[in-house]
Each structure stands twice: as structure tokens, then as C-alpha cells.
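Enquirer: Below is a structure I'd like to ask you about.
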Amino acid sequence: MTDIPAKKKRIFSGVQPSGILTLGNYIGALRNFVALQNSGEYDCIYPVMDLHALTVRQDPPTLRRRCLETMAVFIACGLDPEKNILFCQSHVPAHSELSWILSCFTYVGELQRMTQFKDKSQRHADNINAGLLTYPVLMAADILLYQTDLVPIGADQKQHLEIARDIAIRMNNVYGELFVVPDAYFGKTGTRVMSLTDPTRKMSKSDEPASYIAILDKPEDIRRKLRRAVTDSEGEVRYDRESKPGVTNLLDILSAMGGEDKEALVTRFAGKGYGALKDETADAVIAALTPVREKYDQVLADKAYLEGVLRSGAERAAVLAEKTLRKVHKKLGLAPYKL
Ligand code: AQP
């Protein structure tokens, strides 16, 4: 008797092209995406989430360019377009279509409670658009469209995944088995990388450049930014997120890059100043990011290749997305049609 291989679990996650990708995106997302790909245990779908980026005003030529650049970063980090479905979210219209349907099953109150909505409404008080509020609905559509089992996310996205699960359960209760209810997947180093200028806030690509390390930063810039990273005046290397957020962030970064656990790092840096910690963190980050930057330059130089990746990724994604969308149309009673 031949063994039938078990169906692989499906993974879905993406990154917005809302800026230059940061070390936070690398540690919290891309590195995990590559590890999941290499495990061979999953079917992975990783889009560039350009529709999500529209909640904040974007310069059209820059956004257009960043979509390709973000895909080049994906590939430079080690994602293989043959092994995963890599595409651009707006190339598969089913995301927006399902989003509308899901919005009719989402309560305004639950969206208003989202921390990211409150945070971004404060930061962009002149542009509190409806998309900022309904962002989690589009994210739910992204995930549910592919009948996703697992979503690798950083801790900051937990609330949004919870909404996606709630919507799926709510609709399954009414219409039967419509969607797979997705689970969060936290990587082994589920570190939240914090801003270098304000280590109580997460490192974000839409902040000022001194606050983040870009994946494509040159070695001298990485070293300079880390040397200037905000710490404290105590001078003692200790791991304490509350009272020493800056030093803790450096330990988290070094641990995530080098694999050495935090306790061992604290012991090793005992009696040494913050300068030594900053220098070693810079060495580790530079060592990890230099090959990515070099590969990025090669990938981005071949526009035809990149566009081909996006095209074929979108075609493959659309087949899966359409299947779910047809099922949803049918179950909800939308009039059938034949193409
Ligand atoms: N600082 C971070 N630490 C750990 N993980 C992070 N991620 C982002 N920043 C950190 C993870 O990267 C994935 C993609 O995130 P995104 O770019 O789509 O959206 P975001 O989380 O809103 O990232 P930014 O950089 O803060 O974007 P802007 O500035 O545009 O709002 C997610 O899995 C996220 O957890």
C-alpha cells in the first residue's frame, strides 16, 4: 500500500510596502517566513500588502516602486518564488471583494477597540479614514480567502488575527463550514523589535530613519544608528523591559541575530559598558544583513524576472482565492454566474 502524503498546512502572511523594510520586519516576519519555507512542512503564501498601505497617504510613484522593491527584499531574504506563492495583494481582486462581504459580518465596536486603530488615529489625526478602521476586515479577508491554517505574526498583530478568527467562526456558525479558522504562529524568536530612539515603541518603517535599521542599510549606517540607540544612564547590562527598555531591546536583537540566549548575554556583558553591547549587536546585524543587501541589488536589477514572479504568483493565488469566493457567494445566496 502506498502512503498518501498528508495535506500540508497552509501559511499566510505579508508585509506592507509602506516604507523601507526594517530589522523588525526581518526578525519578526521575513526570517520566520524563510524558516517555514525551509521546513518543507507548509504551503506558504506571502504577498506584498499594498492595499493595506493605502490607509496612510502614499506617494503613487513611490508606492509603485516599493511594491517591486519589497518583493526583491523577500527574495533576497531567501524566499523562493518556486516554493511559495509570492505576489502583490492588489493583483488579486478577490481580497477586496471578500473584504466587503466580511465587513457586513463585523461590528463597528470591535473595530474601534483595536489598539492599532487608536494608535494610528492619533498619529494621523488629519486622516482618520474608514480604511484605518476597517483594516482588520481586509486582513481577515486576506487570511480567510486562502483557507489559511496558520498566520505567522508579531505580537502586535494578535488582536487583528483574533478578529479574523471571530469573523470566521461567526460566519461558519450561520453558513456551515465556510472558512478554516486560522491560528497564530509565533516564531521561536517572537521578539518585538523596538525603536532605537524610543524603545518603548515598536520599530516601524514609517517612523524617522534614526529609529529603525533598514534591511538595506549600509554597514556604517547600521553601526552609527546602533551606537546612538537610546539606553539609560545606569551603565549596567540587565534584561528588564520596564526599567531598561533600550538595553533590553539591544539584548533582544543580539539574541535574535546570534542565537545566544539573553541570560548568557547578560552574564557575558557583565561589567562591560553599553558600547561593547552596541558594537557586538552592530557586528551581528551587519553580518546577517550584508548578504541580503548584496542579493537585493542583483534581484532588483532584473525587473523582467521580478515582474514575472509577481505575475505567476498572482495567477496561482487567484485560483485559490476564486475557489473560496465562489463558495462564499453560493452559501450567502449571491446570484450565480458563469464566466
Ligand atoms: N518592530 C517589529 N518587531 C517585530 N515584528 C515586526 N513586524 C513589523 N514590525 C515589527 C512584523 O512584520 C510583519 C509585517 O508588518 P507590516 O509591515 O505589514 O506592518 P506593521 O506591523 O504595521 O509594520 P510597520 O513597520 O510598523 O509598518 P507601518 O510603519 O507602515 O505601520 C508583521 O508580521 C509584523 O508583526
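Enquirer: Please go through the stretch 168-184 and pick out each residue that is within 16 Å of the ligand (Cβ to nearest atom) and in contact with a Phe, Trp or Tyr (Cβ under 9 Å, 6 or more places away or on another chain). Explain how you work it out, then say what you get.
Expert: We begin by selecting, within the stretch 168-184, every residue within 16 Å of the ligand (Cβ to nearest atom); these are 182-184.
Hit for the stretch 168-184 is PRO182, nothing else.
Enquirer: Looking only at the stretch 154-167, decide whether some residue is more than 9 Å from the ligand (Cβ to nearest atom), buried (at least 21 other Cβ atoms within 10 Å of the Cβ) and over 29 Å from GLU242 (Cα atoms).
Expert: Checked against the condition, which is being more than 9 Å from the ligand (Cβ to nearest atom), buried (at least 21 other Cβ atoms within 10 Å of the Cβ) and over 29 Å from GLU242 (Cα atoms), the stretch 154-167 yields at least one hit.
Enquirer: Could you check, for the stretch 301-311, whether at least one of its residues is of a type in the set (Asp, Glu) and either buried (at least 19 other Cβ atoms within 10 Å of the Cβ) or under 30 Å from ALA168 (Cβ atoms) (or both)? Walk me through how you get there before you give the answer.
Expert: Filtering the stretch 301-311 down to residues of a type in the set (Asp, Glu) leaves 302, 307.
Then drop every residue that is not either buried (at least 19 other Cβ atoms within 10 Å of the Cβ) or under 30 Å from ALA168 (Cβ atoms) (or both), which leaves none.
Within the stretch 301-311, none of the residues are of a type in the set (Asp, Glu) and either buried (at least 19 other Cβ atoms within 10 Å of the Cβ) or under 30 Å from ALA168 (Cβ atoms) (or both).
Enquirer: Could you pull out every one of the helices (runs of 4 or more DSSP H) wholly within the stretch 30-130 that has 3 or more residues that are within 14 Å of the ligand (Cβ to nearest atom) and under 19 Å from LYS303 (Cα atoms)?
Expert: On the way: elements: 31-39, 50-53, 60-77, 94-103, 108-112, 115-123.
The qualifying helices (runs of 4 or more DSSP H) are 60-77.
Enquirer: Could you go through the stretch 291-308 and let me know if any residue there is under 30 Å from LEU68 (Cβ atoms), in contact with a Lys or Arg (Cβ under 8 Å, 6 or more places away or on another chain) and hydrophobic (A, V, I, L, M, F, W, C).
Expert: Scanning the stretch 291-308 turns up no residue that is under 30 Å from LEU68 (Cβ atoms), in contact with a Lys or Arg (Cβ under 8 Å, 6 or more places away or on another chain) and hydrophobic (A, V, I, L, M, F, W, C).
Let's see how each residue does on (1) under 26 Å from LYS295 (Cβ atoms); (2) within 16 Å of the ligand (Cβ to nearest atom); (3) in the same structural domain as LYS120 (by TED's automatic domain parsing):
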{"position": "ILE213", "(1), (2), (3)": "yes, yes, no"}
{"position": "LYS218", "(1), (2), (3)": "yes, no, no"}
{"position": "LEU226", "(1), (2), (3)": "yes, yes, no"}
{"position": "VAL230", "(1), (2), (3)": "no, yes, no"}
{"position": "SER233", "(1), (2), (3)": "no, no, no"}
{"position": "LEU250", "(1), (2), (3)": "no, yes, no"}
{"position": "SER255", "(1), (2), (3)": "yes, yes, no"}
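Enquirer: Has the stretch 274-286 got any residue that is among the basic types (Lys, Arg), in contact with a Leu (Cβ under 8 Å, 6 or more places away or on another chain) and in the same structural domain as ILE143 (by TED's automatic domain parsing)?
Expert: So the first thing to find is which residues in the stretch 274-286 are among the basic types (Lys, Arg), and the list is 278.
Going one step further and asking which of them are in contact with a Leu (Cβ under 8 Å, 6 or more places away or on another chain), we end up with 278.
From the residues that got through so far, the ones that are in the same structural domain as ILE143 (by TED's automatic domain parsing) too are none.
Checked against the condition, which is being among the basic types (Lys, Arg), in contact with a Leu (Cβ under 8 Å, 6 or more places away or on another chain) and in the same structural domain as ILE143 (by TED's automatic domain parsing), the stretch 274-286 yields no hits at all.
Enquirer: Search the stretch 157-195 for residues being polar (S, T, N, Q) and at pLDDT 95 or above, and hand back the single one that is farthest from LEU138 (Cα to Cα). Quick ask: steps written out before the conclusion?
Expert: Going through the stretch 157-195, the residues polar (S, T, N, Q) turn out to be 157, 159, 172-173, 189, 191, 195.
Restricting the remaining residues to those that are at pLDDT 95 or above gives 172-173, 195.
On the way: ASN172: 18, ASN173: 21, SER195: 27 Å.
The qualifying residue farthest from LEU138 (Cα to Cα) is SER195.
The values are calculated or read from the model by the stated rules, or taken from the named source; none is laboratory data. Everything numeric in this text was worked out from a predicted model, so none of it was measured. Here Cβ is always computed from backbone atoms with ideal geometry, including for glycine, and neighbour counts include all displayed protein chains.
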